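So the structure is just underneath, and the comments pick up after that.
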Amino acid sequence: IQERGGRRNGYWRRSLETELGKIDELRVARVREGGFYPSALQPYGRRVVELDKLIIALYEAGVSTRKISAILRRFYGSEASATLVSAVTERVAEKLKQWRSRPLPRRLAAAYIDAGFFDVRRDTVEKEAVYFVLGVDEEGRREIIHFMLAPCESATAWRQVLESLRQRGLQDVDFIVADGLAGFAEAAAEVSPAAAFQLWAGEGKSLLAKVRARDRAALAYDLKLIYKAENQQAAKEAFTLFKLLWSRKYPKVVESLEKDLSSLLSFMKAPPQVWDKLYTTNLLERAIKEIRRRTKTIESFPTPEALEKLVYLVICQLNESWGRRKLKGFTVWQMQRERKEKILTQSS
């Protein structure tokens, strides 16, 4: 005889928020032996998953929690309050915490470092720095691997960022690309001594602002000869010519360029196929510009946590889109490195 199934035991009432509005007096069947629950409903849940996704999508678009609540009431007749919406978006904070503690790859071909500034309220509204780190692996896959909010940009804060990367497993970086923040090169050398420090090429081009307008075209041409040289030796020869042409008229400009020349030309240690990816922070600057565009609808963030959650959501979307393609040239770099390591292994 077939074993008899469970016996019905009436029902219990609950409400459910859906995209079509709130359903009251929803009757959920109950069995005497217990253990039954409808697959369409989440235990203890009061909203369908799709509604939570809608709330997150609106939040990603830069819509405030109060405006999201108003949208839900207007279009779906939902009773979603700003507090409820905040509770849904708080899940983003939990995911952010996990993302910040996840293990990182042991090696990166390049790490691009830069900061963006956003208006945040701490009693008063002021611009605060968000430190970003974009990593590119040996195959050319890029990803923003870390970000941190701080009241201002400083070498001390950057040291904390770099130290965090090391603690999460990142040990070897071939190139660290950053701007000329005072003390940063020293901080990078402490945390990742084997990495070559590449000073953003814009630091050299910023010298144009220190010369007369009528001389800028000629000086820019001579400066370009340095960056477009075939190798470091040719670049140094181009700088020697630059020095002869301009040291008398603009001695401080020449002195500044000479002081940073080694860091400005570090990219030439890599294969030429990736030079255009290494001597600027354009890869990261474009990402920061996109994050600013996505957050501009919010004039100022009510809390630092609100800024962090939204930045994280945009970063996740950027990383996902980048994951479908690789940057050109890095595969050649990897092949050259593997060939060199194989030769060294065979000769030892």
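The values are calculated or read from the model by the stated rules, or taken from the named source; none is laboratory data. Quantities reported herein were computed from a predicted structural model and do not represent experimental measurements. Neighbour counts run over all protein chains shown; Cβ positions are idealised from the backbone, glycine included. Each accessible area value is taken on the protein alone, full model and side chains, heavy atoms only, with ligands, DNA and RNA left out. Shrake-Rupley method; radii C 1.70, N 1.55, O 1.52, S 1.80 Å.
One table, with the values for the structure above:
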{"item": "Additional length obtainable on full extension of the chain from K289 to K127, 0.36 nm per residue less Cα span", "result": "56.7 nm"}
{"item": "Computed over the stretch 66-185, Kirkwood Rh from alpha-carbon pairs, angstrom", "result": "16.9"}
{"item": "Cubic angstrom per residue, convex hull over Cα atoms of the stretch 224-297", "result": "114"}
{"item": "M268, M335, M148, ranked by accessible area, largest first (probe 1.4 Å)", "result": "M335, M148, M268"}
{"item": "Simple label model, 7 Å out from Cα along Cβ direction - K243 to E163, nm", "result": "3.8"}
{"item": "Under 25 Å from the Cα of K95 - lysines, other chains or at least 8 residues apart", "result": "K53, K67, K289, K296, K309"}
{"item": "E230 versus C316: modelled label distance in nm, points set 7 Å from Cα along the beta carbon direction", "result": "5.1"}
{"item": "Distant alpha-carbon pairs in the stretch 118-179 (separation over 18 angstrom), percent", "result": "43"}
{"item": "Rg/Rg_ref, the stretch 141-238, where Rg_ref = 2.2 N^0.38 Å and atoms are Cα", "result": "1.35"}
{"item": "GluC sites (Glu not before Pro) restricted to the stretch 103-207 and DSSP loop, no more than 16 other C-beta within 10 Å", "result": "E139"}
{"item": "Inter-centroid distance (Cα atoms) of the stretch 125-160 relative to the stretch 307-340, Å", "result": "15"}
{"item": "Compactness of the stretch 111-151, expressed as Rg and Dmax over alpha-carbon positions, Å", "result": "13.4, 46"}
